[in-house]
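Q: Just passing along the structure, written as C-alpha cells.
The values are calculated or read from the model by the stated rules, or taken from the named source; none is laboratory data. Predicted model, so just to flag it, every value in this text is computed and none were measured. Note that we place each Cβ from the backbone using ideal geometry, even for glycine, and neighbour counts take in every protein chain shown.
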Amino acid sequence: MQAPLPPFSGTGVALITPFLADKSIDYPSLKRLIDYVITGGVDYLVCLGTTGEAITLSTQECREILDFTLRHVDGRVPIVAGFFGGNYTEKLVRFISEYNFDGVAGIMSSSPAYSKPPQEGIYQHFMRVAEAAPRPLIIYNVPGRTSSNVLPETVLRLAEASDRFAAVKEASGVLAQATEILRHRPEHFGVLSGDDPLAPAMIALGGHGGISVIANALPEHFSRMIRAALTDDWPEVRRLNFELHDIHPLLYCEGNPVGIKAAVAELGLCENYLRVPLVPLSAPKQAELRRVLSRVPGLDL
C-alpha cells in the first residue's frame, strides 16, 4: 500500500497578478484566472509569489489580493500565501506574527537575498520564521534569485528540527540536490519541484509534485501530467511533457512572469501589463510563443 503523500503534494499554481493599463490590479481577470486553473484541476493556489509580482505590490495591495482570492476560492482548494522580503529576519518575523492568516493553508518563504548568508544563518532565519508562523511552511529555495543556495543538509536539518516545515520548493535546477533531500527526508516532509521542466524527473526520483508557472496557462495539461507521474503512468507523463516542452523556454527568456503573462493574455484571460522594471515580452518572442501554444492539443487561443 502506497504511503500517504505529504501536504501540498500534487500541483500548486503560482498565480500571476493581472493588471489594468494604469497598472492597478485587475480583479475581474484575477477572478477569471482563479476559476480557470481550479477547473483545470490544480490542487492548490500559491498567492503572492514571484510569479505574482509580489515585490512590486504594496503591503495593502498584497492583503487585498489575498483577501479577494480567499473570498472567491471559497474553500474549493487550499491557498498558500507567499511571504518574501526576509532580508532582515526580525522584521519578517514581526510581520508574520501580526498577520491574519484566517483561511490560509500554508506559508511559502524564500531564504534571505542579497546578503548571501552562510548555511547557519539560513537555518537560524527559517527557525525564527517557524517559531512565528501559525501555518505550515514551505521553504522556497531559489538561488537564481536569492544568490544563496539552501543546501540539502540545511533543508534536512530544518525538516528534522520542526514539524512546522511541511515541504521544500526546490528550484535550484539541480536534480542531485533534490535527490539528496528525498533520500533522507522525514516522512512528513514533501519535496516539490520549483522548475516546471524538471517536475516529472523529480517525481520519478520520489518527489511529490510541483508549484508551477505554466499551470497559469495550461492547468489541465500540467496537473494531468503531475497526477500521471504520481501514479506511475509514465507513457502519459511523456506525452504531456513533450506537448509542453517547447513552451517552457519562452516563459523565462525575458524573465518571469513576463512569459507566462504573455501566454495567459494569448488565452484571453487578462491583458499583458506588468509593472516596471518588468516589461511585456518582445514582439518576436510573443509571435514564437503564440506559434508553440497553437500546437498544444486542446488549447483554445
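Q: Of these, Gly207, Gly190, which one is among the small types (Gly, Ala, Ser), modelled with pLDDT of 95 or more and either over 25 Å from Gly52 (Cβ atoms) or in contact with a His (Cβ under 6 Å, 6 or more places away or on another chain) (or both)?
A: Details: Gly207 fails: either over 25 Å from Gly52 (Cβ atoms) or in contact with a His (Cβ under 6 Å, 6 or more places away or on another chain) (or both).
Result of the check over Gly207, Gly190: Gly190.
Q: May I pose another question? Counting just the residues of the stretch 130-139 that are without any contact (Cβ under 8 Å) to a residue 60 or more places away in the chain and touching a Phe, Trp or Tyr at 6+ places or on another chain (Cβ under 8 Å), which one comes out surrounded by the most Cβ atoms within 10 Å (Cβ to Cβ)? Even if it seems obvious, please write down each step before you answer.
A: Keep residues of the stretch 130-139 that are without any contact (Cβ under 8 Å) to a residue 60 or more places away in the chain, which gives 130-135, 137, 139.
This time we only want the ones that are touching a Phe, Trp or Tyr at 6+ places or on another chain (Cβ under 8 Å), so: 130, 134-135, 137, 139.
Working: Ala130: 21, Pro134: 13, Arg135: 16, Leu137: 23, Ile139: 25.
So, considering only residues that are without any contact (Cβ under 8 Å) to a residue 60 or more places away in the chain and touching a Phe, Trp or Tyr at 6+ places or on another chain (Cβ under 8 Å), the one surrounded by the most Cβ atoms within 10 Å (Cβ to Cβ) is Ile139.
Q: Further question on the same structure: Only one of (1) in a helix (DSSP H, G or I); (2) under 18 Å from Thr11 (Cβ atoms) is not met by Leu293, so which one is it?
A: (2)
Q: Under 7 Å between Cβ atoms, which residue pairs at least 6 apart in sequence (or on different chains) link something in the stretch 2-19 that is touching a residue at least 40 places away in the same chain (Cβ under 8 Å) and β-branched (Val, Ile, Thr) with a partner that is surrounded by fewer than 21 Cβ atoms within 10 Å (Cβ to Cβ) and not in a loop (DSSP other than H, G, I, E, B)?
A: Correct list of pairs: Thr17/Ile25.
Q: Restricting to the stretch 160-174, what's the tally of residues that are touching a His at 6+ places or on another chain (Cβ under 8 Å) and crowded, with 23+ Cβ neighbours inside 10 Å? Can you show your working first?
A: Filtering the stretch 160-174 for residues touching a His at 6+ places or on another chain (Cβ under 8 Å) gives 163, 166-167.
Those left that are additionally crowded, with 23+ Cβ neighbours inside 10 Å: 166-167.
The total comes to 2.
Q: Sticking with this one: How many of the residues making up the stretch 257-272 are crowded, with 19+ Cβ neighbours inside 10 Å and either within 14 Å of Glu53 (Cα to Cα) or not β-branched (Val, Ile, Thr) (or both)? Walk me through how you get there before you give the answer.
A: Filtering the stretch 257-272 down to residues crowded, with 19+ Cβ neighbours inside 10 Å leaves 257-265, 269-270.
So of that shortlist, the ones also either within 14 Å of Glu53 (Cα to Cα) or not β-branched (Val, Ile, Thr) (or both) come out as 257-263, 265, 269-270.
Going through the stretch 257-272 one residue at a time, the tally reaches 10.
Q: Could you list, in sequence order, the residues of the stretch 210-225 that are part of a helix (DSSP H, G or I) and either of a type in the set (S, T, N, Q) or modelled with pLDDT under 95 (or both)? Talk me through it step by step, then tell me what you get.
A: So the first thing to find is which residues in the stretch 210-225 are part of a helix (DSSP H, G or I), and the list is 214-216, 219-225.
Hits for the stretch 210-225 are Asn216, Ser223.
Q: If the Cβ limit is 6 Å and pairs must be 6+ apart or interchain, which residue in the stretch 237-255 that is charged (D, E, K, R) pairs with which residue that is buried (at least 21 other Cβ atoms within 10 Å of the Cβ) and not in a helix (DSSP H, G or I)?
A: Glu254/Leu281
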